[in-house]
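The values are calculated or read from the model by the stated rules, or taken from the named source; none is laboratory data. These numbers come from a predicted model, not from an experiment. Cβ placement follows ideal geometry from the backbone for every residue including glycine, while neighbour counts extend to all protein chains displayed. Remember, those area values only see protein heavy atoms, side chains included, never the ligands or the DNA or RNA. Shrake-Rupley method; radii C 1.70, N 1.55, O 1.52, S 1.80 Å.
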Amino acid sequence: MKFEHVDGQDRGKIVLYALSTCVWCKRTKQFLGNLGVGFDYVFVDLLQGAEKESAMAELDKWNPRRSFPTLVINGEKCIIGFKEDEIKEALR
Amino acid sequence: MSGDAEKLFSKLDADARKSGYFLNPDSAFTMELVEGLLANEKRYGHQACPCRLADGNRLEDLDIICPCDYRDADLDDFGACYCALYVSKEIAEGKAKAEPLPDRRPVGRNERPQFREKKPGRTDSELSHPVWRCRVCGYLAARDEPPGICPICKATKDRFDRFM
Ligand code: SF4
């Protein structure tokens, strides 16, 4: 799947599922950038066919509501929505 | 920022004011959402909610065509719609801030308003006309057919249910 990588401090594997049109998603992405951590993100709405389905299946494991943004940290913790404090806490 | 976005913003703003709704006063935030609505119109043919994954099929997306069927309940409960394009008067006046909120759209397709089984609340044969209810804003119209466009929230005819 086509994840884009943003360089930054290594805090483990940080994956952001987002939509290209969603402003809360953009804010989450900016927030991670400002924290200076490295992360991968994907705009699911820009994927097609099998790629989109596999992204949604993966997202479903973490967030059965399949809502955006969904942030998965180290394959352990999932934060749904732009929750600044929770994200900051989890990435301390 | 495109001219189209400016135009749509002005239209949404004017419509909102006329009907007692308010757009998010954070104009950068609001303009980004308006751009999102235009992007969705371009790729799907309808202005699907920018913050939800649309299907592309109009009927599948009917409940999340902006303004969505969930806006008013979210305004009541949280003071903002899911995307925070529409906000309460309090937030519009800068007395409170829009916060992210959970999505109330049912996950199951058949629980979504356009697919739910519909029974009119009561059918009263004494009525001279059927009554139609807008699923977005609750506007009622007693006439043979629902209006083409809801005069309050501008939702299209296919978003009305028989109410009585
Ligand atoms: S009213 Fe708000 S939540 Fe609903 S579709 Fe429009 S922008 Fe999205």
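The alpha-carbon of B:LYS157 sits under 19 angstrom from the alpha-carbons of these lysines, leaving out residues fewer than 8 places away in its chain: B:LYS118, B:LYS119.
Measuring heavy-atom accessible area with a 1.4 angstrom probe and counting protein chains only, the residues of region B:40-60 that give up at least 40 Å² relative to the chain alone are B:ARG43, B:PRO50, B:CYS51, B:LEU53. Accessible surface computed residue by residue for region B:3-111, with neighbouring protein chains in place and a 1.4 Å probe, gives 46 Å² per residue.
Do you know which residues of region A:76-92 lose at least 20 square angstrom of accessible area in the protein assembly compared with their chain on its own, with a 1.4 angstrom probe? Relative to the lone chain, where solvent access is computed with a 1.4 Å probe, region A:76-92 loses at least 20 Å² at A:PHE82.
Annotation for B:LYS95 and A:GLU4: the two label points, set 7 Å from Cα along the Cα-Cβ direction, are 4.0 nm apart.
Atom-type composition of the exposed protein surface of region B:118-164 places 50 percent of the accessible area on carbon and sulfur (1.4 angstrom probe).
Annotation: per residue accessible area for chain A equals 51 Å², rounded to a whole number [probe 1.4 Å, protein chains only]. For B:LYS18, the lysines whose Cα comes closer than 16 Å to its Cα, not counting residues fewer than 8 places off in the same chain, are B:LYS89, B:LYS154. Excluding ligands, DNA and RNA and using a 1.4 Å probe, chains B and A jointly bury around 1600 Å² of accessible surface, summed across both partners. Region B:118-164 has equivalent-ellipsoid semi-axes of 18, 11, 8 Å, by the square roots of 5 times the alpha carbon gyration tensor eigenvalues, sorted largest first. In this structure, the residue pairs whose Cα-Cα separation is over 19 Å, taken from A:LYS13/A:LYS61; A:LYS61/A:LYS88; A:LYS26/B:LYS7; A:LYS2/A:LYS52; B:LYS7/B:LYS42, are A:LYS61/A:LYS88; A:LYS26/B:LYS7.
Taking the 1.4 Å solvent-accessible surface of chain A as the whole, the part contributed by carbon and sulfur is 46%. Across region A:3-40, the residues whose backbone nitrogen lies under 14 Å from the label position 7 Å along the beta-carbon direction of B:ASP26 are A:22-32. For region A:6-29, a drop of 40 Å² or more in accessible area on going from the chain alone to the assembled protein chains (1.4 Å probe) is found at A:LEU19, A:THR21, A:VAL23, A:TRP24, A:ARG27.
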